[in-house]
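**Student:** Shown below is the structure under consideration.
The values are calculated or read from the model by the stated rules, or taken from the named source; none is laboratory data. None of these values were measured; they are calculated from a predicted model. Cβ placement follows ideal geometry from the backbone for every residue including glycine, while neighbour counts extend to all protein chains displayed. Note: areas computed on protein heavy atoms with side chains; ligands, DNA, RNA excluded. Shrake-Rupley method; radii C 1.70, N 1.55, O 1.52, S 1.80 Å.
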Amino acid sequence: MENFNYYIPTKILFGKRKIESLGKEAAKYGKNILMVYGKGSIFKENCYGTSLYEQAKKSLEEANLTIFELPNIDPNPRIESVYAGAKLCREHSIDLVLAIGGGSTIDCAKGIAGQAKYEGDIWKCYETKDPSPIQEVLPIASVLTLSATGSEMNGSSVISNLSCNKKIGLTTSKFRPVFSILDPSYTFTVNRKQTASGSVDIMSHIFEQYFTPDHGGYLQNRMMEGVLKTVIHYAPIALEEPDNYEARANLMWASTWALNDMFEKGKIPTDWATHQMEHELSAFYDITHGVGLGILTPYWMQYVLSNENQHRFVEYGKEVWNLTGTEEEIAKKSIEKTREFFTSLGIPAHLKEVGIGEENLEVMAKQATQRRPLGAMKKLYAEDVLAIFKMAL
Ligand code: NZQ
Ligand code: ZN
């Protein structure tokens, strides 16, 4: 196991009606709150009889806090929303940026909290993937409404700039929320497509850290198999019974743990090639992140599988899918099982099904690898990425 430091200061308030603590928690950071939310799900009546918007507002007002709002954050959040939010923060001396929504809203809130305290253009930090110029950020908090990204407890923010077809993640510990409210009941209203793609995203975060060329990380690998089995067990239940609390609760906690840095500790280098490739798809075609991952992942697995790394697929096949046979058979079958599972959730298997043709494959492959080759299981250069995109067509 490699050396590591471990420090995750995000306070988690998990469970039913935890929103009632929102005001009290938020008040610890000051008086002026910028509430950032998406395109409308926040206004729908939920299982508590009113909307999340009303519930959050009530709790904040009871704590005598002043609320400012930035609505309409897009899925695949835009840099323009980051600038607009930062402007509000400066105008109203905001003390806490509160995201209420899924990964897009939380990621946008992180960008806002960074830009508000930074004189330069934060997009340059995203472009160079270099957070070092950002010395200070406003405190960030979240109320999570969709189980997928792990943004509720991690330091990553993924922002799109459609003017140059770029979608880029920036990671800094300064972006970790100070607290996150995780009430699984809020995810009862997440539709089939988002439930499925969120579940694929959770699994993909695990794959990116599980499929590493090393032989170490025994403990981390067993924990990650637990998360994979949890998603494989509960995602179909959540699709059939959207208000099954146990299913939604397991998916929510799985999403948080799949990407809060815990599992990669001691296991570096991790892979992340599939995510880098998917970010090109959503930068050019604005598709749903989990759908892009679901299409690409089994092709990536087929492409990178080799004699040297077969043992990782054998472990995955045996531990997660209970497969038997020769090592070669298990490795191949584990990839088929992955595709079958994604298909059972309603995730397409081809890029053409989401409107992606050959037109931009080369430029996406080049852009994905312009900083360095992708991946750790197998180093992927532009021609490899192009080959995977073509397999996925
Ligand atoms: O905008 P609203 O009306 O809220 O609707 C959203 C949106 O249309 C809806 N939704 C959210 N909660 C809901 C709900 N609908 C009904 N009931 C609810 N309770 O779902 C749609 C998708 O929301 P979004 O926030 O985009 O989904 P997700 O959480 O999957 O986030 C995806 C974004 O996060 C990035 C992705 O690339 C993508 O931009 N990622 C962020 C990561 C991170 N910060 O660590 C890592 C990930 O790998 C990923 O790249
Ligand atoms: Zn992801």
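**Student:** How fast does region 42-99 diffuse by Stokes-Einstein, in µm²/s, taking the Kirkwood radius from C-alpha pairs at 10 °C and 1.306 mPa s?
**Tutor:** Details: Rh = 13.0 Å.
After rounding, the answer is 122 µm²/s.
**Student:** Over 22 Å between Cα atoms, which of K24/K58; K16/K44; K129/K193; K110/K267 qualify? All intermediate terms of the calculation are to be shown ahead of the outcome.
**Tutor:** Values: K24/K58 12 Å; K16/K44 18 Å; K129/K193 30 Å; K110/K267 27 Å.
Long pairs (Cα-Cα over 22 Å): K129/K193; K110/K267.
**Student:** Can you give me the % of accessible surface on the chain that is carbon or sulfur? Probe 1.4 Å, all protein chains present, nothing else counted.
**Tutor:** Values: 7930 of 15930 Å².
That fraction is 50 percent.
**Student:** Further question on the same structure: Please report how far the C-alpha centroid of region 2-23 lies from that of region 44-94, rounded to the nearest whole angstrom.
**Tutor:** 20
**Student:** Out of region 262-331, which GluC sites (Glu not before Pro) are coil in DSSP terms and have no more than 13 other C-beta atoms within 10 Å?
**Tutor:** E308
**Student:** If the only charges are +1 at each Lys and Arg Cβ and -1 at each Asp and Glu Cβ, what is the size of the charge dipole of the chain around the Cα centre, to the nearest 20 debye? The partial results should precede the final answer.
**Tutor:** On the way: 42 positive and 48 negative charges, 127 e Å.
For this selection, approximately 600 debye.
**Student:** Can you pull the Rg over Rh of region 266-380, Cα-only, Kirkwood?
**Tutor:** Working: Rg = 15.0 Å, Rh = 15.2 Å.
Ratio of gyration radius to Kirkwood radius for region 266-380: 0.99.
**Student:** Convex hull volume of the Cα atoms in region 66-167, per residue, in Å³? Don't jump to the answer; show the numbers that get you there.
**Tutor:** Working: hull volume 9.9 nm³, N = 102.
Given the Cα convex hull of region 66-167, per-residue volume reads 97 Å³.
**Student:** Rounded to the nearest 0.05, what FRET efficiency do K318 and Y381 give with R0 = 25 Å and r taken as the Cβ-Cβ distance? Could you check?
**Tutor:** Details: r = 32 Å, r/R0 = 1.26.
Given R0 = 25 Å and the Cβ-Cβ separation, E is 0.20.
**Student:** Which trypsin sites (Lys or Arg not before Pro) does region 311-378 hold that lie in a coil by DSSP with at most 12 other beta carbons within 10 Å? If you can, show how the numbers build up before the last one.
**Tutor:** Numbers: sites: R312, K318, K332, K333, K337, R339, K352, K366, R371, K378; in loops: R371, K378.
Here the sparse-neighbourhood loop sites are R371.
**Student:** Given N residues in region 1-61, what is its alpha carbon radius of gyration divided by 2.2 N^0.38 Å?
**Tutor:** Values: Rg = 15.6 Å, N = 61, 2.2 N^0.38 = 10.5 Å.
The value comes to 1.49.
**Student:** Please express the shape of region 83-141 as an equivalent ellipsoid: the semi-axes are the square roots of 5 times the eigenvalues of the C-alpha gyration tensor, given largest first in whole angstrom.
**Tutor:** 17, 14, 9
**Student:** In a Gaussian network model over the chain where Cα atoms closer than 10 Å are linked, find which of Y316, Y37, Y53 has the largest mean-square fluctuation.
**Tutor:** Largest GNM mean-square fluctuation: Y53.
**Student:** Could you work out, for region 148-281, what percent of all Cα-Cα pairs fall into each 10 Å distance bin, beginning at 0 Å and stopping at the bin that holds the largest distance?
**Tutor:** 12, 39, 37, 12, 0
**Student:** Search the structure for amide H atoms under 5 Å from the amide H of L70, placed 1.01 Å from N in the peptide plane, and list their residues when 5 or more places away or on another chain.
**Tutor:** M35, V36, Y37
**Student:** Kindly state, as a whole number, the per residue volume in cubic angstrom of the convex hull around the alpha carbon atoms of region 191-392. All intermediate terms of the calculation are to be shown ahead of the outcome.
**Tutor:** Details: hull volume 22.3 nm³, N = 202.
Spelled out: Cα convex hull of region 191-392, divided by residues, is 111 Å³.
**Student:** Moving on to the next point. Please state the relative contact order of region 36-115 as a whole percent: Cα pairs under 8 Å, 6+ residues apart? Can you show the working numbers first?
**Tutor:** Numbers: 88 pairs, mean separation 29.8, N = 80.
Reported as a whole number, the value is 37 percent.
**Student:** Another one. Select from P77, T256, L22 the residue farthest towards the positive end of the dipole of the chain; place +1 on Cβ of Lys and Arg, -1 on Cβ of Asp and Glu, and compute about the Cα centre.
**Tutor:** Ranked along the dipole, the leading option is L22.
**Student:** Summing -39500 (n - 2.57) over the DSSP H runs of n ≥ 4 in the chain and dividing by its residue number, what mean residue ellipticity at 222 nm do you reach, to the nearest 500 deg cm²/dmol?
**Tutor:** -15000 deg cm²/dmol
**Student:** Name the most mobile residue of V291, V320, V363, meaning the one with the largest mean-square fluctuation, in a Gaussian network model of the chain with Cα contacts below 10 Å.
**Tutor:** Fluctuation is largest for V363.
**Student:** When averaged across all projection directions, what area in nm² does the alpha-carbon convex hull of the chain cover?
**Tutor:** Details: hull surface 71.1 nm².
Computed as one quarter of the Cα hull surface, the answer is 17.8 nm².
**Student:** Calculate how steeply helix 310-321 sits against the longest principal axis of the alpha-carbon atoms of the chain, using the helix alpha-carbon long axis, and give the answer as 0 to 90 degrees to the nearest 10.
**Tutor:** Orientation of helix 310-321: about 60 degrees from the principal axis.
**Student:** Leaving out ligands and nucleic acids, note down the accessible area per residue over region 191-392 with a 1.4 angstrom probe, in whole Å². Numbers along the way, then the final one.
**Tutor:** Values: 8020 Å² over 202 residues.
With all protein chains present, region 191-392 gives 40 Å² per residue.
**Student:** Moving to a separate point now. Highest mean first, how do 16-24, 232-240 rank when packing is the count of other Cβ atoms within 10 Å averaged over residues? Don't skip to the answer; put the middle values down first.
**Tutor:** Numbers: 16-24: 16.8, 232-240: 18.3.
Descending packing order for the listed peptides: 232-240, 16-24.
**Student:** Okay, next question. Out of G216, G150, G114, any idea which swings most in a Gaussian network model of the chain, alpha carbons joined below 10 Å?
**Tutor:** G216
**Student:** Would you mind checking the tilt of helix 327-344 against the longest principal axis of the Cα atoms of the chain, expressed as 0 to 90 degrees and rounded to 10?
**Tutor:** 40
**Student:** Let me ask another. I want to verify the translational diffusion coefficient of region 11-186 in µm²/s; compute it with Stokes-Einstein, Rh as the Kirkwood radius over Cα pairs, at 37 °C and 0.692 mPa s. Mind showing how you got there, number by number?
**Tutor:** Values: Rh = 15.8 Å.
Estimated via Stokes-Einstein, D reaches 208 µm²/s.
**Student:** Tell me, what is the percent relative contact order of region 11-186, built from C-alpha pairs under 8 Å that lie six or more residues apart? Display every interim value, and only then the final one.
**Tutor:** On the way: 386 pairs, mean separation 47.4, N = 176.
In percent, rounded to a whole number, it is 27.
**Student:** Output the relative contact order of the chain, whole-number percent, from Cα pairs under 8 angstrom with separation of 6+ residues.
**Tutor:** Working: 759 pairs, mean separation 59.7, N = 393.
With pairs under 8 Å counted, the relative contact order is 15 percent.
**Student:** Return, for the Cα atoms of region 119-179, the radius of gyration and Dmax in Å, separated by a comma.
**Tutor:** Gyration radius and largest Cα-Cα distance of region 119-179: 12.3, 33 Å.
**Student:** Counting other Cβ atoms within 10 Å, which GluC sites (Glu not before Pro) in region 108-176 have at most 13 and lie in a DSSP loop?
**Tutor:** Values: sites: E119, E127, E136, E152; in loops: E119, E136, E152.
Hits after loop and neighbour filter: E119, E136.
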